[in-house]
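Report on the structure given below.
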Amino acid sequence: MAVKRTPFIAGNWKMNLDHLQSIAFVQKLAWALADAKHDFADAEVAVFPPFTDLRSVQTLVAADSLPIGYGAQDVSAHDSGAYTGEISGAFLKQLDCRYVIIGHSERRTLHAESDAEVNAKVKAAHRHGLVPVICVGETAEDLEAHGPSAVPVAQLRAALDGVDGSKGLVVAYEPVWAIGSGQAATPAQAEQVAAALRALLVELLGEEVAQSTRVLYGGSVKAANIASFLREPNVDGALVGGASLDIPEFASIVRFKKHVGA
Ligand code: PEP
């Protein structure tokens, strides 16, 4: 079944830019993207600011009808209650977030987030009408010991346990060794794992959901390499960390067609 998936370019700001900086940044990003209107129409763009920026980003995007989506970098598995420091999916929905990143490798390693917690957060996102961007990826040690696909496939299988695929999801394959290292996977490596993840989506959620789900690559994506990833049949976009904080660079990633000549 041939399904056209709109490329998705997602910028994960991590813990950068406060709420005042986020306003100036999103305004400038919108101007940079407006210059590229023709190409921009071919991709969906979203930013993932820190929680404290979301209200400001919401106000700006709504006031100026900016064609930029946004989401949070994490969500609580719980809906409300005694969970100090956590943020409910209900609050994110009230801020018109469309997406939420779940299971980023920095949360899995720095906050010991387990596959079971990732699964509970995916379900929480769906309870509140948010689309989870589920991150999976192997470390350099995993790659050495198990090859490229085993760990990401196992992580995605756990993340999707009991999940209703019709509620929407995005998968981001992010090899941990490629994140922030300047050493991206090769397009062939990204495609191999993306194809394995899509095969798992077929097995767990059925052909229709699998073919309409975007599988992103993340890890040292730049304007110079984005086109090579998007040429691969199972790679539908990118989750961009460092380069998403550089407006000309990020806008140039969004204009990936210029680099492919496609
Ligand atoms: C990320 O943290 O999701 C990421 C892909 O980072 P970078 O683009 O900086 O490698």
Qualifying residue in region 212-225 (condition: farther than 22 Å from residue 105 by Cα, within 15 Å of the ligand (Cβ to nearest atom) and touching an Asp or Glu at 6+ places or on another chain (Cβ under 9 Å)): yes
Where a residue in region 89-104 is under 20 Å from residue 159 (Cβ atoms) and its partner, wherever it lies, is of a type in the set (Lys, Arg) and more than 16 Å from the ligand (Cβ to nearest atom), with Cβ under 6 Å and at least six apart: 102/121
Those residues of region 96-123 which are more than 13 Å from residue 174 (Cβ to Cβ) and either more than 17 Å from the chain's Cα centre (by Cα) or open to solvent by 40 Å² or more (accessible area, probe 1.4 Å) (or both), in sequence order: 96, 98, 110, 111, 112, 113, 114, 115, 116, 117, 120, 123
Only one of 224, 251 that is open to solvent by 50 Å² or more (accessible area, probe 1.4 Å), of a type in the set (A, V, I, L, M), within 19 Å of residue 32 (Cβ to Cβ) and more than 15 Å from the chain's Cα centre (by Cα): 224
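Filter region 136-171 for residues that are in contact with a Lys or Arg (Cβ under 8 Å, 6 or more places away or on another chain) and either under 20 Å from residue 46 (Cβ atoms) or among the β-branched types (Val, Ile, Thr) (or both); which is surrounded by the fewest Cβ atoms within 10 Å (Cβ to Cβ)?
Out of the qualifying residues, it is 163.
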Set 184, 190, 194: member being crowded, with 22+ Cβ neighbours inside 10 Å and within 18 Å of residue 106 (Cα to Cα): 184
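The values are calculated or read from the model by the stated rules, or taken from the named source; none is laboratory data. Quantities reported herein were computed from a predicted structural model and do not represent experimental measurements. Glycine gets a Cβ as well: all are built from the backbone with ideal geometry, and neighbour counts include every protein chain shown. The protein model used for the area step is the full one, side chains on, heavy atoms only, and it has no ligands, DNA or RNA in it. Shrake-Rupley method; radii C 1.70, N 1.55, O 1.52, S 1.80 Å.
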